[in-house]
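The values are calculated or read from the model by the stated rules, or taken from the named source; none is laboratory data. Just so we're clear, the structure is a prediction, and the values are computed from it rather than from any experiment. Cβ atoms come from the backbone with ideal geometry, glycine included; neighbour counts cover every protein chain shown.
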Amino acid sequence: MNPGKLNLTAESFAVSRQQKEGLNGHRSFTLWLTGLSASGKSTIARYLEERLHKDGIRTFMLDGDNTRMGINKDLDFSPEGRKENIRRVAEIAKLMNDAGIVVIACFISPMVIDRAMAKQIIGENSFIEVFVDASLDVCKERDPKGLYKKAIAGEIKEFTGISAPYEAPLAADIHIETNIISAIRSSGEVYEWLKLKKYLLPADL
Ligand code: ADX
């Protein structure tokens, strides 16, 4: 829809994102974890959030299973449903970043073009793509929710990796091979990367 047609004008705020970051004592940004179901996204995110919280960093975790039970409960797993899912959660992540909060977003987000849209919504300098890379065989073996079994039996349609595509990132900011390393070590790698790239310093440094 064309915003001009709806007679909308963006409102400016009295307190800027930078001021909110200053109050919090750290920058805000979004870590975007992409990968197959059962690749370890949510487990890594949980460890990472605990660690950041201990450092006094304000965080929020967005997870596909949860948002699909709430704000996105009207969406399916068709390509259009997934695109709208990603668009909405990217807008939510952006709002949270504007509020000074660090977002850890866990979405399969299987399409390169949809992740590019998320990056565009959130802003290039605030978006960190993390590829949580586990092979399909390993994910099928883990199958914590029994979904791969159902998908292979044809009981779930359009299941990522079985009957729907997953396009791996070609140039993720962080690439974690969870076939090889544990979730806790994976979260440590992300944490060290954030420190190295100075994401965890106060906003004005
Ligand atoms: S996304 O593709 O639109 O990014 P999202 O991350 O929100 O997916 O949701 C994925 C979760 O939904 C999976 O972890 C799984 O528990 C559940 N799920 C149910 N049906 C499907 C399906 N057809 N494909 C993938 N995940 C599914």
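So here's what we get for this one:
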{"quantity": "Residue pairs meeting the criteria (Cβ under 8 Å; at least 6 apart or on separate chains; first in a loop (DSSP other than H, G, I, E, B), in region 143-159; second modelled with pLDDT under 95 and more than 7 Å from the ligand (Cβ to nearest atom))", "calculated": "none"}
{"quantity": "Test: residue in region 68-78 that is outside any helix (DSSP H, G or I), small (Gly, Ala, Ser) and either touching a residue at least 60 places away in the same chain (Cβ under 8 Å) or closer than 25 Å to Ala171 by Cβ (or both)", "calculated": "yes"}
{"quantity": "Complete set of residues in region 1-57 that are surrounded by fewer than 22 Cβ atoms within 10 Å (Cβ to Cβ), basic (Lys, Arg) and in contact with a Gly (Cβ under 9 Å, 6 or more places away or on another chain)", "calculated": "Arg17, Lys20, Arg51"}
{"quantity": "Residue in region 101-112 that is away from the ligand (no atom under 14 Å from the Cβ), farther than 20 Å from Glu189 by Cβ and buried (at least 19 other Cβ atoms within 10 Å of the Cβ) present", "calculated": "yes"}
{"quantity": "Conditions (1) within 15 Å of the ligand (Cβ to nearest atom); (2) within 29 Å of Ala99 (Cβ to Cβ); (3) crowded, with 16+ Cβ neighbours inside 10 Å: number failed by Ala172", "calculated": "(1)"}
{"quantity": "Considering residues of region 62-89 that are among the β-branched types (Val, Ile, Thr) and near the ligand (Cβ under 8 Å from one of its atoms) only, the residue surrounded by the fewest Cβ atoms within 10 Å (Cβ to Cβ)", "calculated": "Thr67"}
